[in-house]
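Working notes, structure below.
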Amino acid sequence: MAGSEILEQESSYLELCRTPVRFEEISSVNNVFFDEANKQVFAVRAGGAVGVVVRGLDEKQPISFRLEDKGEIKSIKLSPGNRIVAVQRSGKSVDFCNLMGEATEYSQECRGRNCYVLGFCWTSPNEIVFITDQGLELYQVQAEKRSVKLIKSMGTSFVNWFVFSSEGPTLLLSLTPLGNVLQPVLAKVGNLVKLTKFEVEVPVIPKPPRLCLTEPDVTTAVIYGQLYVVVLRHRVRTTPSQAGSEVWLYHLSRDGHTCKIHVLQLNSTGCFATNVVDNLVVIHHRASKTSMVFDIQLKKVSEGPVKLHQPVLPSLPICPFTIQPRAGASLGAGTAVTTCELYSTSWIVFRPDIIMDAGLGYLWSLRLRLPRIVATLPDRLQLVDFLLLRRDCRPVLLNVCSQLLSGGQAGGLAVVSLVFDKLNSVYKEWLEADKSDAAALDGGAGGRPPTPHKPVRSHAVVDQWEMYTSVLVPFAESKTISYKFVIAVLMEYIRSLTQFHIHAQHYLYELVINTLVRNNAFYQLHQLLQYHVLSDSKKLACLMLSLESFYPPAHQLALDMLKRLSTANDEIVEVLLSKGRVLAALRFVRASGGADIMSARKFLEAASHVGDSLLFFCVFKFFEQRNQRLRNSPHFNPGEHCEPFVEYFKKLFGEDDFTPLQ
């Protein structure tokens with residue numbers, strides 16, 4: 001591999017998938033078709049009966065079948081579910097053949113007089129729409145009967161061309177001599193619904209009028225869960241100061257209203273093609289052999305209702321792709337792997353992320369290389385904004401956070417703080433959405449839970465545990481970073497969580513405490529606890545108790561914390577008993593109203609371990625009095641298992657002192 005190719009491979013943030021679909025390349029005896037709806041490539045070989053091999057990115061095994069040779073095939077598509085193949089050989093009809101059972105073809109002519117079939121699209125497993133130059137015809141295909149039935153027809157003015165999107169599904173018809181009036185049509189089951197037509201601006205109307213907006217310059221794309229009509233507007237640049245070509249995005253809303261709301265400024269002219277990868281609009285430029293990346297959620301300048309966008313990343317070529325010899329090919333001395341020609345004239349780009357080279361017989365999906373983008377965007381805040389909108393970005397985001405902290409400079413704390421806020425803002429949205437979904441599932445009139453409408457989750461989420469395990473713990477354990485900076489970062493993360501009303505988990509506080517103890521910063525620890533900077537919890541109190549040997553005041557700090565927790569009475573008693581403070585534990589239980597239900601055995605056992613006979617006498621008599629008050633008898637019930645302590649009392653003080661109280 002040449003040095004320039006190695007450099008491109010290291011810096012490129014776009015790549016062709018490593019497991020492409022390989023098919024027989026186009027030749028004099030083999031034709032190639034692609035169905036965007038099903039993402040299937042058809043290799044059609046002529047000669048006697050027509051042999052067809054269908055391959056898809058998501059299909060493990062190819063589909064093979066044969067058709068009668070009835071003339072040149074103009075278009076071929078499988079129905080959803082791959083049960084019926086539809087073939088267009090002429091401008092008047094479409095032929096059908098069942099792939100299961102008898103392979104006899106049946107045909108359907110278009111109904112309109114003097115009309116021409118521009119193409120067809122499957123809208124469901126058994127419904128198909130013919131697009132003619134005079135409108136639309138929706139048919140039901142009955143495979144068992146090998147018949148086709150007209151369901152709905154829709155007439156329009158002269159149709160120049162069409163674009164089909166499986167989202168909806170939606171058809172886009174080009175009308176008028178200029179071709180710039182676009183008619184969206186929603187294909188529902190058994191019906192066609194016209195939406196509001198809209199007009200694409202034409203800078204200069206030619207005289208006489210001619211087609212100004214053509215099919216190659218129009219496509220559709222789903223970006224951040226919304227359907228857009230994507231229009232490429234070419235411009236001729238005579239000087240560098242003149243504006244280059246642009247891509248206009250028209251939002252096709254659910255209510256049928258369409259408006260231009262985004263303009264992508266390409267700053268160049270020539271031949272372009274469009275993909276959408278992970279909600280990013282990727283514009284390929286053949287002349288420079290580079291690709292531009294736009295994110296309509298970021299880096300925008302508003303001009304009224306329209307938002308202008310520049311590329312969010314520098315223009316770079318796609319990562320070089322090595323072509324391997326086909327399986328079964330002999331590897332002679334002159335055989336070697338070669339590098340695919342990127343941005344070749346034989347490349348055809350399909351939505352959303354498909355690139356096909358019919359000359360080579362390769363079909364790829366375009367992928368994003370997120371780790372490479374980290375070095376491309378030096379602005380860490382902009383980088384985090386970008387990554388949060390990408391899927392499968394969590395490892396990269398965590399790595400960015402680790403890199404950001406590795407400098408160990410207090411000057412970077414302001415940036416760290418803003419990054420934490422960005423992450424936790426998204427984290428809070430996710431928690432609220434999750435709570436709303438749970439509430440919707442639990443509710444519903446008449447006891448019937450409704451089906452909640454889950455919004456599109458366009459952001460990645462980094463929760464506390466991932467931040468703790470992947471970033472904060474390795475950072476806190478670093479030997480090269482000042483512990484003061486470590487504490488500042490940890491407290492900043494807790495501050496950010498609190499700001500977004502997210503309860504910080506106990507392990508974050510434990511990390512703060514352990515870091516301070518490890519560096520003998522007990523005064524700072526005392527201050528954080530005394531002024532309740534670290535939130536009270538049972539687990540935190542237990543940790544403080546374990547630190548008593550290192551820092552004796554930790555015991556009282558833990559006890560104070562437990563007292564502030566209204567649900568920690570049992571833990572307080574256990575702590576006092578473990579320290580031999582049996583009378584203090586008794587007084588606490590009496591003050592909290594639990595004297596009548598507490599376990600006598602637990603207190604007697606603790607008093608016996610102290611080794612103070614007077615203490616044991618007082619505790620024993622306390623429970624005798626309780627028994628007398630509750631049951632009119634000083635004796636312990638057998639279920640209390642206090643017999644060993646009764647014998648111990650007799651051994652210490654004799655039978656006389658054991659005389660039951662009257």
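The values are calculated or read from the model by the stated rules, or taken from the named source; none is laboratory data. All values derive from a computational prediction rather than experimental measurement. All Cβ positions, glycine included, derive from the backbone under ideal geometry; neighbour counts span all protein chains shown. All accessible areas refer to the heavy atoms of the entire protein, side chains included, with ligands and DNA or RNA removed. Shrake-Rupley method; radii C 1.70, N 1.55, O 1.52, S 1.80 Å.
Only Lys, Arg, Asp and Glu count, each charged at its Cβ (+1, +1, -1, -1), so figure out the dipole size of the chain about its Cα centre, rounded to 20 debye.
1160 debye
Going by the alpha-carbon gyration tensor, a ≥ b ≥ c the square roots of its eigenvalues, is the range 195-275 rounded (a/c under 1.5) or, if a/c is not under 1.5, prolate (a/b greater than b/c) versus oblate?
Oblate shape, in that a/c is at least 1.5 and b/c is the bigger or equal ratio.
At most 14 other Cβ atoms within 10 Å and a DSSP loop assignment: could you name the GluC sites (Glu not before Pro) in the range 576-662 that fit?
Glu655
Kindly sort Asp536, Asp392, Asp278 by accessible area of their heavy atoms, largest first, with the probe set to 1.4 Å.
Asp392, Asp536, Asp278
How much solvent-accessible surface does Lys194 expose, in Å² to the nearest 10, with a 1.4 Å probe and all protein chains in place?
100 Å²
What is the distance in Å between the Cα centres of the range 527-562 and the range 354-408?
43 Å
Helix 600-610 sits at what angle to the longest principal axis of the chain, using alpha carbons and giving 0 to 90 degrees rounded to 10?
70 degrees
Checking the a/c ratio against 1.5 first, then a/b against b/c, what shape does the Cα gyration tensor give for the range 9-64?
Taking the square roots of the gyration eigenvalues as a ≥ b ≥ c, the range 9-64 is prolate.
Using only alpha carbon pairs under 8 Å that are at least six residues apart, calculate the relative contact order of the chain and give it in whole percent.
Once divided by the residue count of the chain, the mean separation gives 7 percent.
Considering only protein heavy atoms and a 1.4 Å probe, what is the carbon-and-sulfur percentage of the accessible area of the range 127-189?
51 percent
Using the Karplus equation 6.51 cos²θ - 1.76 cosθ + 1.60 (θ = phi - 60°), what ³J(HN,Hα) coupling, rounded to whole Hz, does each residue of the range 164-175 give in order, writing x for Gly and Pro?
Computed from phi, the couplings for the range 164-175 are 10, 10, 6, 6, x, x, 10, 10, 10, 9, 8, 10 Hz.
For the range 344-358, what does the Karplus curve 6.51 cos²θ - 1.76 cosθ + 1.60, with θ = phi - 60°, yield as ³J(HN,Hα) per residue in whole Hz, taken in order and with x for Gly and Pro?
Going residue by residue, I get 5, 5, 8, 6, 10, 9, 10, 7, x, 9, 9, 10, 10, 10, 5 Hz, with x marking Gly and Pro.
Under a 1.4 Å probe, what is the accessible area of the range 212-296 per residue, stated in Å²?
Averaged over the residues of the range 212-296, the accessible area is 38 Å².
Can you tell me the 0 to 90 degree angle between the C-alpha axis of helix 413-442 and the longest principal axis of the chain, rounded to 10?
Long axis of 413-442 versus the principal axis of the chain: about 90 degrees.
Could I have the simple spin-label model distance between Glu105 and Glu477, label points 7 Å from Cα toward Cβ, reported in nm to one decimal?
6.9 nm
At a probe size of 1.4 Å, how large is the accessible area of Ile348, to the nearest 10 Å²?
70 Å²
Counting only protein heavy atoms, what percent of the accessible surface of the range 525-662 is carbon or sulfur at a 1.4 Å probe?
C and S atoms contribute 53 percent here.
Can you pick out the pairs among Lys539/Lys621; Lys621/Lys651; Lys92/Lys149 whose Cα atoms lie more than 26 Å from each other?
Over 26 Å Cα-Cα: Lys539/Lys621.
Please go through the residue pairs Lys145/Lys188; Lys74/Lys260; Lys197/Lys428 and name each one whose alpha carbons sit more than 30 Å apart in this structure.
Lys74/Lys260; Lys197/Lys428
Determine the per residue accessible area of the range 551-606 with all protein chains present and a 1.4 angstrom probe, expressed in square angstrom.
Numbers: 2800 Å² over 56 residues.
Accessible surface, normalised per residue, equals 50 Å².
Under a straight-distance cross-link criterion of Cα-Cα below 13 Å, which aspartates and glutamates are reachable from Lys39, leaving out those fewer than 8 residues away in the same chain?
Asp58, Glu59, Asp353
For the range 173-189, list residues with backbone N below 15 Å from a point placed 7 Å from the Cα of Phe158 toward its Cβ?
174-181
Report, ordered by chain and residue number, the aspartates and glutamates lying within cross-link reach of Lys300, taken as a straight Cα distance under 18 Å and ignoring same-chain residues fewer than 8 apart.
List returned: Glu246, Asp379, Asp385.
State in Å² the accessible area per residue of the range 21-136; use a 1.4 Å probe, count heavy atoms of protein chains only, and round to the nearest integer.
I get 46 Å² per residue for the range 21-136.
Run the simple label-point estimate for Gln524 and Lys538 please: 7 Å along Cα→C-beta, distance reported in nm.
3.1 nm
Using heavy-atom solvent-accessible surface (probe 1.4 Å) with all chains present, what is the largest-first order of Glu201, Glu72?
Glu72, Glu201
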